[in-house]
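Down below is the structure, laid out as structure tokens.
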Amino acid sequence: MRHGKKFNHLKRKKGHRDATLRALSVSLIMHKRITTTLAKAKALRLFVEPVMTKSKSNTTHSRRLVFSSLMHKEAVKELFNEVAGKIADRPGGYTRVIKTGFRKTDSAEMAIIELVDYNTDYASGSSATKSSGKRSRRGSKKAVATPPVSSNEEE
């Protein structure tokens, strides 16, 4: 029975679930953005955000705690050297989950999970993503073509 258990088990036993979350978190730290299923992305967010909070203080103790969670030397170096500098002033919420639709083969709901400070599209606040208002199904009215102005001003 799963009374009182609030986290997603991902249909795996504990050892396999821990290994999956470690591998996903290492990939997220190294590549800054990964595509996975929505359930794994939400579980990964709960796993990796406390690790990123520990990386804000660059002490031997925090490095050892992060290494015990990730078990990957290169990911720990990347996290403490590059990522920790970008997330230093952020109080939390280091990751963003974006739903991308359904996978063709098994119709699993897919998502992109990314580090917030590494996405330049959201940081710039581009106006290209904003819609200008309502649109009708007919589309917009076509502009009336004006004849080109000829240059007959020679005489």
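Bear in mind these aren't lab numbers, they're just calculated from the coordinates by the rules spelled out. Values in this document were obtained by computation on a predicted structure and should not be read as measured data. Every residue, glycine among them, receives a Cβ derived from its backbone with ideal geometry; neighbour counts consider all protein chains shown.
Quick test for you: out of Glu74, Glu82, pick the one residue that is touching a residue at least 40 places away in the same chain (Cβ under 8 Å) and surrounded by fewer than 15 Cβ atoms within 10 Å (Cβ to Cβ).
Numbers: Glu82 fails: touching a residue at least 40 places away in the same chain (Cβ under 8 Å).
One residue alone meets the criteria, Glu74.
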Practice item. Considering only the range 104-120, state which residues are free of Cβ contacts under 8 Å to residues at least 40 places away in the same chain and out of contact with any helix residue (DSSP H, G or I) (no Cβ under 8 Å at 6 or more places or on another chain). Key: Lys104, Thr105, Asp106, Ser107, Thr120
Review point. How about the range 18-43: which of its residues are closer than 16 Å to Ser68 by Cα and in contact (Cβ under 8 Å) with a residue 12 or more places away in the chain?
Key: Thr20, Leu21, Arg22, Leu24, Ser25, Val26, Ile29
